[in-house]
Amino acid sequence: TGTIAKPKSEQSKPKKHLPDGYVMMNDGKKKNKFQRGDYTRCGRNSRQCNAFELEILVHGYMNRLRQLSSRPMPTEIQEMVCLYCWRIGSASRNAIAATHLIASIIDEFMKRPEHRCECMPPDEMQDGVALDLLQYIFIRGGACRDSLLLREINDVDLVVNSHELAQQYLLHLSRYHATAEHQADSVRCFLWQHYLNRFKKSARATHRTPGNHNSKTVDKLVQFESLLVHSNYVLNSKFVCDIIERSDRLKPHEREVSIRYFGHHHHMVLQDGVQHIGILIKRTEFDVVDQLVKHCYGSEQSLENYKMAQGDDAVKAAVRHIDEYYAKEAAEKQKHKKSEAKAKRILFPMYPFPTTFMYYDYTINCVHLDLRNVLLRNERHGQLFDQQQQEVVEFDWSYKIREKTFNYDLVNKYNIIGINHNRQKVLVPPNAKVLSKCSAMFYFWRLLKTAQKFIYEIKRKEWTLDKHHLQQTIGLYHSWFDADFVNGSASQKFISKLLKWDIKGAADYIDRLHVLRLIRFEQYLISKLKKYDKFKLRFEQELKAEIARFSSEKRMMIIKCWKDFGYPLHV
């Protein structure tokens with residue numbers, strides 16, 4: 001990272017304010033001049049410090065300064081912080097600032113005087129709010145992974161912890177809004193006001209008939225998850241998006257935020273021109289979803305894989321919970337209308353499966369950070385920042401993730417696994433049990449996308465694929481990629497996804513071809529193209545339509561790459 005470390009004889013003596021084991025280099029012109037690469041590690045094998053060591057150095061220095069009493073912030077620490085932030089790319093800083101804005105909007109919504117719960121004693125509130133939503137909304141996936149690997153963050157995935165949030169929601173309503181006096185329409189608590197939507201006409205569409213209780217278990221799961229996602233009186237991703245969309249911070253200019261709903265997730269886009277703490281935020285994309293089992297493998301595969309990962313008893317208990325909810329809902333509908341003086345019954349769908357971030361995706365993608373930790377308050381900085389500044393955007397998510405993981409009383413084992421595998425540079429699922437015939441196709445797509453992001457590192461042998469998992473994946477190709485699949489309607493969706501998913505430029509096609517060869521799917525695809533003419537024709541038509549958006553030179557390059565890899569295509 002910069003200049004070559006100087007000989008040990010030219011090194012200056014260690015400074016007291018530096019972390020143990022580090023010294024500052026002199027350039028012979030100006031003492032203690034801080035430049036990129038001017039720090040080296042003490043010891044016999046003196047060498048240039050890497051990015052991780054530089055990060056330790058910066059935070060070690062800041063922690064030492066915090067311990068000093070009433071000392072002004074020196075010029076050195078300003079230079080160090082600026083240097084550390086400088087190595088974070090502009091795209092990452094934009095995504096981090098946009099996420100900080102989203103967290104600030106939700107935090108401001110909860111702390112408004114008109115939204116506070118007057119039925120709850122002030123000493124029982126957490127930071128002045130009845131329920132801290134930010135603790136149950138997580139950043140996960142590529143944003144956390146790329147921050148640990150010092151890569152650019154292009155978009156952010158937000159996941160709502162449906163299971164734990166519903167438990168806290170029910171606990172609050174049952175404890176503080178169980179009587180008719182505390183259930184009036186005039187009660188300011190935003191949790192109770194949100195629950196009152198259950199008794200409005202707009203909520204009738206979300207109340208779906210339970211259907212046949214003897215139906216398949218997977219159908220019950222899909223139906224119940226749909227009820228939970230679409231309900232307008234449950235704390236879900238829809239509620240979070242509504243808070244953001246109605247925020248006063250985004251109202252001065254029209255169309256600063258656009259939210260589109262796709263099935264079970266919301267795609268939110270912050271447009272150019274949004275201002276936040278003096279930062280001009282450019283276009284940033286968010287995916288906001290509820291953490292549901294169905295999202296893991298699809299409706300037909302989710303339950304079997306969850307059963308393999310969590311056990312048959314967990315699935316049976318979840319099914320009983322679903323049946324009990326529908327029975328209570330049906331019993332309440334049969335009752336006569338109650339008087340207004342009588343208390344309303346607290347009843348809403350609670351997700352039956354404990355939310356976990358580790359039972360379906362690759363471990364490096366399962367590292368997560370809650371939005372509460374994104375908001376960094378001044379008191380944590382000590383004397384380093386102006387106390388009059390209300391908000392501070394800290395761009396160092398990698399330090400936040402490690403601090404949350406290792407320094408809190410409740411150690412997060414899922415983050416530990418993900419962080420360790422990021423350091424070991426290995427692509428591996430959480431455990432071998434999740435890979436089966438039901439999830440084989442799902443893991444093929446996950447492997448294809450994840451391996452493509454690290455294809456050059458894998459070719460240089462800096463990253464490795466877990467051999468056992470790769471062999472399992474290869475051994476299950478025949479279980480789903482067979483004659484019935486190729487000749488059926490599902491093949492069209494497969495071809496479209498293979499040629500479009502995560503493909504942004506012409507070079508991505510070359511990377512995809514390398515990945516197909518790496519995971520040994522190439523020979524299976526070539527054999528099917530040679531054997532089935534209809535499948536080959538659909539493949540050629542889809543490829544021709546997809547590469548039409550590129551220039552003629554790039555189209556020829558893409559076609560040549562497919563042919564060079566041995567694919568029998570005529571486009």
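The values are calculated or read from the model by the stated rules, or taken from the named source; none is laboratory data. Note that this is a predicted model, so its numbers are computed, not measured. Neighbour counts run over all protein chains shown; Cβ positions are idealised from the backbone, glycine included. Remember, those area values only see protein heavy atoms, side chains included, never the ligands or the DNA or RNA. Shrake-Rupley method; radii C 1.70, N 1.55, O 1.52, S 1.80 Å.
Projecting label points 7 angstrom from Cα along Cα→Cβ for residue 375 and residue 531 puts them 5.8 nm apart. Amide H contacts of residue 274 (H built 1.01 Å from N, in plane; Pro and chain starts excluded): 281 sit under 5 Å, all sequence-distant by 5 or more or on other chains.
Among 231-240, 168-177, 137-146, the peptide with the highest mean count of other Cβ atoms within 10 Å heads the list, and the full ranking is 137-146, 231-240, 168-177. Here, region 490-571 is characterised by an Rg to Rh ratio of 0.92, where Rg is the alpha-carbon radius of gyration and Rh the Kirkwood radius. When you count the other C-beta atoms within 10 angstrom of each residue and take the mean per peptide, 270-277, 102-109 line up highest first as 102-109, 270-277.
Separation of region 147-174 and region 491-549 by C-alpha centroid, Å? If we compute the Cα centre of each part, the gap is 35 Å.
Given region 446-500, what whole percent of its Cα pairs are spread farther than 12 Å? The calculated P(r) of region 446-500 puts 73 percent of pairs beyond 12 Å. Calculated accessible area for region 446-515 comes out at 47 Å² per residue, all protein chains present (probe 1.4 Å; ligands, DNA, RNA ignored).
Gain on full extension, evaluated as 0.36 nm per residue between residue 460 and residue 484 minus their Cα-Cα distance, stands at 4.9 nm.
May I ask you to order 362-375, 186-199 by the average number of other C-beta atoms within 10 Å around their residues, highest value first?
Descending packing order for the listed peptides: 362-375, 186-199.
Residues 320, 151, ordered by accessible area of protein heavy atoms at a 1.4 angstrom probe radius and largest first, appear as 320, 151. Across every direction, the projection of the convex hull enclosing the Cα atoms of region 100-201 has a mean area of 8.4 nm². In this structure the amide hydrogen of residue 392, modeled in the peptide plane, comes within under 5 Å of the amide hydrogens of 376, none closer than 5 places in sequence on its chain.
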